[in-house]
Amino acid sequence: MQIGMIGLGKMGGNMAERLRRAGHDVVGYDHHPERRDVATLAELRDRLSAPRAVWVMVPAGGPTQQTIDELKGLLEAGDLIIDGGNSHYVDDQEHAKMLGETGIHFVDAGVSGGVWGLQNGYGLMVGGDDEDVHRLMPVFEALKPEGEFGFVHAGKVGAGHFAKMVHNGIEYGIMQAYAEGYELLAATDLVTDVGGAFCSWRGGTVIRSWLLDLLCKALTEDPGLEKIRGVAQDSGEGRWTVQAAIDHAVPMPVISAALFARFASRQDDSPAMKVVAALRNQFGGHAVTASGTDSDNTEAHPAP
């Protein structure tokens, strides 16, 4: 299948490569000349055969809005835009309505997998009409991991990013639980091998997970996590998850507390937040703040 990919950073670039390895024809655009196949979005349109499919993989908010606005003026009725960034599900509904006025179709895709997606595949949560999702299944099949799991057509437009938002909220809670457990183990002189305790849980226990594997990798590379500060940013989904919980009167104490802990991390260095920062670096390649510096981590929205 032929597809355009806009945004060839850590996520988009690896996704384009995974699609090419699966035999798909990918035409890529990025602001950085060394990454791209075409120099403009108009050239991207001209390189694609109608009906076109264009995947937008840029930071949520303004960059996504600007890209979709420009594509609306370039694409034709029957073409299809996929927003694979971390957009707010409310924005998806507005984009689908706006594009629908000119006959352009829209699908939202929440993407998880971080810098490991090229190797392991990406978890995909998709929202949109049945016909549009069916049309894109060859692309989704190439991006997802092999096997039964890793893809869901979650519902209508907005459902994909809503599911990804909740996924990231859960991620906040799991990481915070590991982080607090680490801090408690490190606070006692009874346990002399904190890293070993965590790594022992990778087999035979009910709390084993890929996040635990990544934490053990981080502790092996930096025992004591002394090379980084305990500063962790939030990408937006955590806030949206808590807001959605308020809107729907759903109690969410764990995820809310994990979000607030990230706010606290920007005030004082914390062993618990060192774990969260290290995990985010391991699975997503997110920037960390080096130990001994005063500057905050100023990463942009991750693209899953």
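Quick notes on this one:
- Residues of the range 86-110 that are in contact (Cβ under 8 Å) with a residue 60 or more places away in the chain and either in a loop (DSSP other than H, G, I, E, B) or among the aliphatic types (A, V, I, L, M) (or both): 86, 87, 88, 90, 96.
- Count - residues of the range 14-58 that are of a type in the set (Gly, Ala, Ser), buried (at least 18 other Cβ atoms within 10 Å of the Cβ) and out of contact with any Asp or Glu (no Cβ under 6 Å at 6 or more places or on another chain): 2
- Selection of the range 213-254 for residues being surrounded by 14 or more Cβ atoms within 10 Å (Cβ to Cβ), hydrophobic (A, V, I, L, M, F, W, C) and not in a loop (DSSP other than H, G, I, E, B) yields 214, 215, 216, 218, 219, 225, 228, 240, 242, 244, 245, 254.
- Whichever residue in the range 90-111 is open to solvent by 40 Å² or more (accessible area, probe 1.4 Å) and either touching a helix residue (DSSP H, G or I) at 6+ places or on another chain (Cβ under 6 Å) or not aliphatic (A, V, I, L, M) (or both) and, among such residues, is nearest to residue 243 (Cα to Cα): 91
- Comparison of 297, 281 shows that the only residue that is modelled with pLDDT under 80 and open to solvent by less than 70 Å² (accessible area, probe 1.4 Å) is 297.
- Restricting attention to the range 202-212, the residues that are within 25 Å of the chain's Cα centre (by Cα) and either in a helix (DSSP H, G or I) or exposed (fewer than 11 other Cβ atoms within 10 Å of the Cβ) (or both) total 3.
- Within the range 1-12, the residues that satisfy the criterion of being in contact with a strand residue (DSSP E or B) (Cβ under 8 Å, 6 or more places away or on another chain) and either open to solvent by 40 Å² or more (accessible area, probe 1.4 Å) or in a helix (DSSP H, G or I) (or both) are 1, 2, 11, 12.
- Of all the residues in the range 112-170, those that are farther than 23 Å from residue 78 by Cα, open to solvent by less than 10 Å² (accessible area, probe 1.4 Å), of a type outside the set (A, V, I, L, M) and touching a Ser or Thr at 6+ places or on another chain (Cβ under 6 Å) number 1.
- Options 61, 85; residue that is closer than 18 Å to residue 29 by Cβ and among the small types (Gly, Ala, Ser): 85
The values are calculated or read from the model by the stated rules, or taken from the named source; none is laboratory data. Remember, it's a predicted structure, so these values are computed and weren't measured experimentally. Here the Cβ is made from the backbone with ideal geometry for all residues, glycine too, and neighbour counts use every protein chain on show. Calculation scope for accessible area: heavy atoms of the full protein, side chains included, ligands and nucleic acids excluded. Shrake-Rupley method; radii C 1.70, N 1.55, O 1.52, S 1.80 Å.
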